[in-house]
């Protein structure tokens, strides 16, 4: 059965708990990024291209199976009251069975991949990595409980510990000559520690009960969530293949870099905010509170990310030239388009947390499929419009996600489009103004990465000043909300 339910908190206490959990998640994302940046060059240098490439050959299939493993139930199950033990137990046994079956399937596929790639060392590596599937599914019920209870920080602590210990193990093993197995150990430790931490924090003992009918509603929602993930991942994979075929690997590298940088910048902020919003939306409270939380999340994201995206886009040429050299200048235009448009994409995607919480996951699936179609069409017409036209097409796809996402919120929740745009208008206008100023200043500054960063920092300070003057009332309300979320009373509820 489900562990003893955590007593329901009042609305303010739950909001403060979610705020603290969001800060922990944000901190965990920063730590994870720093650990990866420090570990990657060290391990790569110790292993060499051969062993590193062997691990890289194994991971695409592993990532695909990890994506499929929870069947989208992780997000949907958080909507289920803890007292419905039949549903939770059925979900547990379904997840465990699917994890074991996928582990066996991945182990069998390892021999086919190894034979095709002529890599006889690959099967044991993929078989070892397949254990991560079981670790993942075992953590799903506990993670859903933590989300439902608003205890987002627990997962973050476990993931941070897993990343740090895994990185240390990888470096030590690589130094001692373990080769690709050092990266296997890192991955297994990261998943095992995270799962163990979640199982201790939210223990779950299922009943000997399984009925597929209990999961009908969750499988419907989870299927749409999984479909959106697979469509997005499959679409990006097909994009890469088409770009390589049509214009070669040189431009594929430029596309890959220009695609990853905006995702890192935006998602380092948005992931924690989305998780906190979803945890608030699944609470058995009135809809108005969830909509209010959506407004706060949309506002915070706009304040933090819009100016960063615009300023980096403006100075992209100087940044790429100073950090990467002339060979990467072909990525500048794509980077500029995606930096700004992907920030809008993420802003439009926050509505999916409200839609998922209300069981309306099919809407987000349709939005994702539409964007994937636009992106693939943009790649397909490269012979006629070139890389520039492709980048513009990607920007249109991101804008479509933004407009469709905000419209879906306005249609299904009491928050009109005008109110949503009002939340983002101030940060957007101020970002454009300081972006224009940065462009003018850059033309008169000496070349060099330090002058570029100084220009961006000064313009960001001006951005904060502009908002402080033009939107002082709204900014004051934002500060009051933060004090409410993070005040002394919040300390009593943090977990």
Residue 260 vs. criteria assigned by TED's automatic domain parsing to the domain that holds residue 348, modelled with pLDDT under 80 and part of a helix (DSSP H, G or I): yes
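Each row is one residue, and each column tells you yes or no for (1) assigned by TED's automatic domain parsing to the domain that holds residue 280; (2) modelled with pLDDT of 85 or more; (3) crowded, with 21+ Cβ neighbours inside 10 Å.
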site	(1), (2), (3)
73	no, no, yes
83	no, no, no
91	no, yes, yes
97	no, yes, no
104	no, yes, no
113	no, no, no
Only one of 433, 465 that is exposed (fewer than 14 other Cβ atoms within 10 Å of the Cβ) and either part of a helix (DSSP H, G or I) or modelled with pLDDT under 95 (or both): 465
Residue in the range 171-191 that is over 30 Å from residue 44 (Cβ atoms) and assigned to a loop (DSSP other than H, G, I, E, B) present: no
First in the range 280-297 and more than 10 Å from residue 353 (Cα to Cα), second anywhere and at pLDDT 80 or above and not in a helix (DSSP H, G or I), Cβ under 6 Å, 6 or more apart: 291/413; 291/415; 297/350
Selection status of residue 440, more than 23 Å from residue 353 (Cα to Cα), at pLDDT 95 or above and assigned by TED's automatic domain parsing to the domain that holds residue 361: no
Residue tally, condition within 16 Å of residue 377 (Cα to Cα) and surrounded by fewer than 16 Cβ atoms within 10 Å (Cβ to Cβ), over the range 245-262: 1
Unique match (being at pLDDT below 90, buried (at least 19 other Cβ atoms within 10 Å of the Cβ) and farther than 22 Å from residue 142 by Cα) among 179, 222: 179
Residue that is modelled with the highest pLDDT [pool: residues in the range 268-285 that are surrounded by fewer than 17 Cβ atoms within 10 Å (Cβ to Cβ) and in contact with a helix residue (DSSP H, G or I) (Cβ under 9 Å, 6 or more places away or on another chain)]: 271
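The values are calculated or read from the model by the stated rules, or taken from the named source; none is laboratory data. The structure presented is a predicted model; accordingly, all values stated were derived computationally and were not measured. Note: ideal-geometry Cβ built from the backbone for every residue, glycine included; neighbour counts use all protein chains shown.
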